[in-house]
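See below for the structure under consideration.
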Amino acid sequence: MFTRRDGPIGLLATDAPALAAACHAMARRFHRGGRLLAFGTGCSAADAAHVVVEFVHPVIIGKRALPALSLPGGSTGFRAELGLFGEPEDIALGIAPDGGDAALADGLAAARDRGLLTVALLGGEGGLVASLGGLDHVIAVRSDDTRIVREGQVTVYHVLWELVHVFLDAPEVLA
């Protein structure tokens with residue numbers, strides 16, 4: 001059971017520079033007054049809500065709360081919600097187990113077109129979302145097993161949270 005996870009989770013280490021770049025870009029947006037708008041479909045909607053809680057209510061003493069919203073999607077879709085709430089200084093974080101969800105791809109495309117920083121946490125090869133082009137940061141847990149993907153994504157978004165705070169604590173790197 002554990003050996004199935006070794007490969008995909010271990011490959012995340014090769015994505016460390018890309019993950020650090022995403023964290024730095026997010027910290028710069030927060031530093032300039034931006035907010036995190038997180039979204040996903042299915043189980044990934046719960047992950048998006050979890051990320052928001054991490055940013056809004058940090059559990060580590062001394063870490064500041066940062067503005068974040070979880071977008072529910074629903075019948076209007078993420079495009080409409082990003083049109084209502086998204087500003088160019090904001091961050092759009094889309095989460096999906098495989099990147100094949102058209103609503104998620106449409107939301108990230110809308111965020112990209114509005115000038116938001118786009119960060120996609122995906123699984124497998126990234127699917128439709130990875131093929132969009134023009135997204136700022138795409139990080140994929142390379143597995144077709146959604147359970148392994150979600151485990152990897154939980155690690156990734158906790159690293160996002162931690163490194164964003166590390167960068168915010170060193171404002172000289174945010175200029």
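The values are calculated or read from the model by the stated rules, or taken from the named source; none is laboratory data. None of the values given here were measured: they were computed from a predicted structure. Cβ: placed from backbone, ideal geometry, glycine included. Neighbour counts: every protein chain shown. The area values use the complete protein model at the heavy-atom level, side chains included, leaving out ligands, DNA and RNA. Shrake-Rupley method; radii C 1.70, N 1.55, O 1.52, S 1.80 Å.
The residues on offer are Ala111, Ala96, Ala102, Ala120, and the sole one that is in contact with a helix residue (DSSP H, G or I) (Cβ under 7 Å, 6 or more places away or on another chain), among the hydrophobic types (A, V, I, L, M, F, W, C), modelled with pLDDT of 90 or more and surrounded by fewer than 18 Cβ atoms within 10 Å (Cβ to Cβ) is Ala102. In the set (1) within 13 Å of the chain's Cα centre (by Cα); (2) buried (at least 18 other Cβ atoms within 10 Å of the Cβ), Arg79 fails one condition alone, (1). Before we move on, is Phe85 aromatic (Phe, Trp, Tyr) and out of contact with any Asp or Glu (no Cβ under 9 Å at 6 or more places or on another chain)? When the stated conditions are applied, Phe85 passes them.
Could you check, for segment 54-65, whether at least one of its residues is modelled with pLDDT of 90 or more, part of a helix (DSSP H, G or I) and small (Gly, Ala, Ser)?
no
Within segment 87-140, restricting attention to residues that are part of a helix (DSSP H, G or I) and not hydrophobic (A, V, I, L, M, F, W, C), the residue that is nearest to Ala25 (Cα to Cα) is Arg112. Applying a threshold of 8 Å to beta carbon distances and a minimum spacing of six or more residues, or different chains, the list of pairs starting in segment 45-64 at a residue that is open to solvent by 80 Å² or more (accessible area, probe 1.4 Å) and ending at one that is assigned to a helix (DSSP H, G or I) reads Arg64/His165; Arg64/Leu168.
Looking across segment 10-35 at every residue that is surrounded by 13 or more Cβ atoms within 10 Å (Cβ to Cβ) and over 14 Å from Leu163 (Cβ atoms), the one that is modelled with the lowest pLDDT is identified as Leu11.
Residues of segment 141-175 that are open to solvent by less than 20 Å² (accessible area, probe 1.4 Å), in a helix (DSSP H, G or I) and of a type in the set (Ser, Thr, Tyr): Tyr157 alone.
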